Amino acid sequence: MERRDAPLESLLGEAGSVARACHAMAERFHNGGTLVVFGNGGGSTDAQHISVEFVHPVIVGKRALPALSLTADVATMTGIAARVGFDEVFAHQLRHLATRDDIALGLSVDGNCANVLRGFEEARALGMLTIALVGGRTDHGGAIARSTAVDHVLRADSDDPRVVKEVHVTMYHVLWELVHVFLEHPGSLTPEAVS
């Protein structure tokens, strides 16, 4: 249990960063954007979990929001990987599916997944809002956290992949909740609201 305490305390200390990310997401949804989520391994199942949470809220009365997971279509992913390489599986899909009004949310346990980083770089080129859920105490979120292609970095302060995953689950449920809070109060969707 102790190994979880510091990462969760660290997340609490980042409340302002989380609120800014949620506000930016709510603005994009308010303007008709779609959430596009991606990650590898456990992050791929998290991507699908996040997508369904937004599209089909389990809380009655909450608004459904457009979202899709780039990991849900195995045929597309393996086709891209075979033709242009695994590093391009997310960037290629974003190039053909996303628009500048959309949100790119990528997950990486150590912050060093090359294809997640390439996805963010493509999302940046498209003008999308970019949000990374990363882990890594030693490397401080890796190459993804250091990338200028990422607008908002939310880091689980741990090198234990199990703890990172648990913190990420908490993070994306908080994102979902706060996005809805902002959308339920459209007057809050101004840049000054979270400054």
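Quick look at the numbers
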| read-out | value |
| --- | --- |
| Residue check for ARG118: of a type in the set (Lys, Arg) and in contact with a strand residue (DSSP E or B) (Cβ under 8 Å, 6 or more places away or on another chain) | no |
| Among residues of the stretch 45-65, those that are open to solvent by less than 70 Å² (accessible area, probe 1.4 Å) and in a loop (DSSP other than H, G, I, E, B), counted | 4 |
| Residue list for the stretch 155-195, filter: outside any helix (DSSP H, G or I) and either at pLDDT 95 or above or farther than 19 Å from GLY33 by Cβ (or both) | ARG155, ALA156, ASP157, SER158, ASP159, ASP160, SER195 |
| VAL36 open to solvent by less than 10 Å² (accessible area, probe 1.4 Å) and either of a type outside the set (Lys, Arg) or in a helix (DSSP H, G or I) (or both) | yes |
| Qualifying position, being assigned to a strand (DSSP E or B) and open to solvent by 20 Å² or more (accessible area, probe 1.4 Å), among LEU107, LEU117, LEU68 | LEU68 |
| Lone unmet requirement of (1) farther than 13 Å from MET128 by Cβ; (2) open to solvent by 20 Å² or more (accessible area, probe 1.4 Å); (3) modelled with pLDDT of 95 or more for ARG100 | (1) |
| Single residue of the stretch 132-142 satisfying the filter (open to solvent by 20 Å² or more (accessible area, probe 1.4 Å) and of a type outside the set (Val, Ile, Thr)) that is modelled with the highest pLDDT | HIS140 |
| Residue in the stretch 73-96 that is open to solvent by 50 Å² or more (accessible area, probe 1.4 Å), among the hydrophobic types (A, V, I, L, M, F, W, C) and under 26 Å from ARG20 (Cα atoms) present | no |
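To keep it simple, each residue is scored yes or no on (1) under 15 Å from the mean Cα position of the chain (by Cα); (2) open to solvent by 10 Å² or more (accessible area, probe 1.4 Å); (3) small (Gly, Ala, Ser); (4) within 25 Å of ALA64 (Cα to Cα).
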position	(1), (2), (3), (4)
THR130	yes, no, no, yes
ILE144	yes, no, no, no
ASP151	yes, yes, no, yes
VAL163	no, no, no, no
HIS173	yes, yes, no, yes
PHE182	no, yes, no, yes
LEU189	no, yes, no, yes
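The values are calculated or read from the model by the stated rules, or taken from the named source; none is laboratory data. Predicted, not measured: the structure shown is a model, and the values here were computed from it. All Cβ positions, glycine included, derive from the backbone under ideal geometry; neighbour counts span all protein chains shown. In case anyone asks, the SASA skips ligands and DNA or RNA and just uses the protein heavy atoms, side chains included. Shrake-Rupley method; radii C 1.70, N 1.55, O 1.52, S 1.80 Å.
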